[in-house]
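The values are calculated or read from the model by the stated rules, or taken from the named source; none is laboratory data. Model, not experiment: these values are computed from the prediction. Cβ atoms come from the backbone with ideal geometry, glycine included; neighbour counts cover every protein chain shown. Accessible surface areas use protein heavy atoms only, side chains included; no ligands, DNA or RNA. Shrake-Rupley method; radii C 1.70, N 1.55, O 1.52, S 1.80 Å.
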Amino acid sequence: MTSFVPKHLGLSHIDRTDVINNHTTAFANVLFGDSKSDVAIAVADGTYIYIEKSGNYSFQRRSYSVHKGQPLLKPMMLVASDGYILTVLGPYLADGKNSDAKITEHMLKSNAENITDWFEKDDVLIVDRGFRDAIDILKDFGINSHMPHFLNKSQKQHTTEEANESRLVTKVRWVVESANGRIKKWKALSNTMPNSQIPYIGDYVRIVCSICNAFRPPLVTSTDSDKVIARRMMALAKTPNKLKDKVLKNGWDKKRVIWEKIDDTELESFPELTEDELRDLTMGVYQLKQAKAYTDEHFDENGSYEIMTHKEEDGVLKAQIRSRHTSNKTYNMWIEYTQGLNPIIGWYCGCRSGARTVGCCAHVASVLWYLGYYRTEIENSEAKSSKVHIDFVHDAAVDIWSTSSDSEEDE
């Protein structure tokens, strides 16, 4: 803490110029720095260090997290857009008085590590929704903040503009989650700390973060194509979702008679897509990682992949995808396609972020992945892991009376 940490962690060990020149990704600079050379961009988020229940009832209440359901302490991390850890503040208590927004307010008003001098006017801080109550104070200090949008009480889906802006934020914000995951590779920080170690938790976190900065490679390395992709994302963020307008205008989301159910073997007109083309459509790999699991659930009992095509309009298909969070919720989604270059014209899904044009949601990605890539590149007989696993687990929801009657008839 005396000789090593100060050289590798803390706002005093690195200045804005170094962050701008050496630790700002092309994506962050184009998306939120307006391609300027004098804007520092950072990402903030709190992480969790779990502790034992304290015998001090006052401290027990203040350290208990309703969100996580157990006692913990919260270090607040500031990282650059390439994952380099700028500083760690805290640790803070975990009750409602120590939300991410309250911690941010405390950092600014107490000028922790001279943070208000380090940040200059029009610098950027990328945050998540937990910082919503700190947006105004960040603005008062001249810091531009960006976070994903909230749904209003009466709103079921983000507008195309809101969904696009949220996607731009998540394109950069994920590095702080990965930085948090990187320090949890140390078992002492990933497991429950004994209360005897509470005085040293802040030091342990800072030492590990310093080790990561000194000896681990950056989480993100910019490539020559990143600026091109980022500019394309900025252009798409201003593009309306024409297929959404067509679906709602023509009532395709309410009419059933205009759709004809077929299986994938009958859909020969859907274009083949390469992995690179899929990544260009999704603007990342996260949605494609979920595609296989969504696809497995979309097969019927006979092993057919069912979709619906429009009876009167060529090049439009409809599919229904089950939510991975709620078993009784499904989402309708539509894809418009053609032949030739850029064959996927548009998409629209009924989920919260399904109207965006900067990439697509995981539901749309799963259909694109299966129809455009999987069924032509991989043997359909390949075992589907999610269905294999359930064969080894008992299901208490099975009707035991019908099972008993069947066995009696067999006898």
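About its Cα centre, what dipole magnitude does the range 127-209 give when the only charges are +1 on Lys and Arg Cβ and -1 on Asp and Glu Cβ, stated in debye to the nearest 20?
Details: 13 positive and 9 negative charges, 87 e Å.
Here the range 127-209 has a charge dipole of around 420 debye.
Round to a whole angstrom and tell me the spacing of the C-alpha centers of the range 220-293 and the range 56-84.
Centre-to-centre (Cα) distance: 38 Å.
Please state the relative contact order of the chain as a whole percent: Cα pairs under 8 Å, 6+ residues apart? Provide the component values of the computation, followed by the final result.
Numbers: 632 pairs, mean separation 63.8, N = 411.
Once divided by the residue count of the chain, the mean separation gives 16 percent.
Taking only Cα atoms and a 10 Å spring cutoff, compute GNM fluctuations for the chain and point out the largest among HIS23, HIS13, HIS158.
The residue that fluctuates most here is HIS13.
Do the sum for the chain: with -39,500 (n - 2.57) for every DSSP H run of n ≥ 4, divided by all residues, what is the mean residue ellipticity at 222 nm, to the nearest 500 deg cm²/dmol?
On the way: 17 runs with 152 residues, N = 411.
Roughly -10500 deg cm²/dmol at 222 nm, from the helical runs in the chain.
Rolling a 1.4 Å sphere over the protein heavy atoms, what is the accessible area per residue of the chain, to the nearest Å²?
Working: 22530 Å² over 411 residues.
Spelled out: the 1.4 Å probe surface of the chain, per residue, equals 55 Å².
Just to confirm a number: summing +1 for Lys and Arg and -1 for Asp and Glu over residues other than ILE183 whose beta-carbon lies under 14 angstrom from that of ILE183, what do you get? Spell out each step's value before the answer.
Details: positive: LYS74, ARG182, LYS184, LYS185, LYS187, ARG206, ARG216; negative: ASP45, GLU177, ASP203.
Local net charge: +4.
What share of the DSSP beta bridges in the chain is antiparallel, in percent to the nearest 5? Please list the in-between numbers first.
Numbers: 34 of 41 bridges.
Restricted to the chain, the bridges split so that about 85 percent are antiparallel.
In whole percent, how big is the carbon plus sulfur part of the accessible area of the range 8-56, probe 1.4 Å, protein atoms only? Display every interim value, and only then the final one.
Values: 740 of 1970 Å².
Summing carbon and sulfur atoms, their accessible area is 38 percent of the total for the range 8-56.
Multiply the residue gap between ASN191 and LYS68 by 0.36 nm, knock off their C-alpha separation, and tell me the result in nm, one decimal place.
Details: separation 123, 0.36 × 123 = 44.28 nm, distance 1.41 nm.
Difference between extended and current length: 42.9 nm.
Ignoring ligands, DNA and RNA, what percent of the 1.4 Å accessible area of the range 146-204 is carbon and sulfur? Write out the running numbers ahead of the final one.
Numbers: 1690 of 3200 Å².
Roughly 53 percent of what the probe reaches on the range 146-204 is carbon or sulfur.
Only Lys, Arg, Asp and Glu count, each charged at its Cβ (+1, +1, -1, -1), so figure out the dipole size of the range 184-287 about its Cα centre, rounded to 20 debye.
Numbers: 18 positive and 15 negative charges, 167 e Å.
The calculation lands at about 800 debye.
Can you find, among THR338, ILE201, HIS67, the residue farthest towards the positive end of the dipole of the chain? Put +1 on the C-beta of Lys and Arg, -1 on that of Asp and Glu.
Highest projection toward the positive end goes to ILE201.
Which of these, SER225, SER178, SER63, has the largest mean-square fluctuation under a Gaussian network model of the chain (Cα springs below 10 Å)?
Among SER225, SER178, SER63, the largest mean-square fluctuation in the Gaussian network model of the chain belongs to SER225.
Within the range 304-374, report the GluC sites (Glu not before Pro) that DSSP leaves as loop and that have at most 12 other Cβ atoms within 10 Å. Present the calculation step by step, with values, prior to reporting the outcome.
Numbers: sites: GLU306, GLU312, GLU313, GLU336; in loops: GLU312, GLU313.
Hits after loop and neighbour filter: GLU312, GLU313.
Where nothing but the Cβ of Lys and Arg (+1) and of Asp and Glu (-1) is charged, how large is the charge dipole of the chain around its Cα centre, in debye to the nearest 20? Write down the numbers at each step before the final one.
Working: 51 positive and 58 negative charges, 420 e Å.
In total the dipole reaches around 2020 debye.
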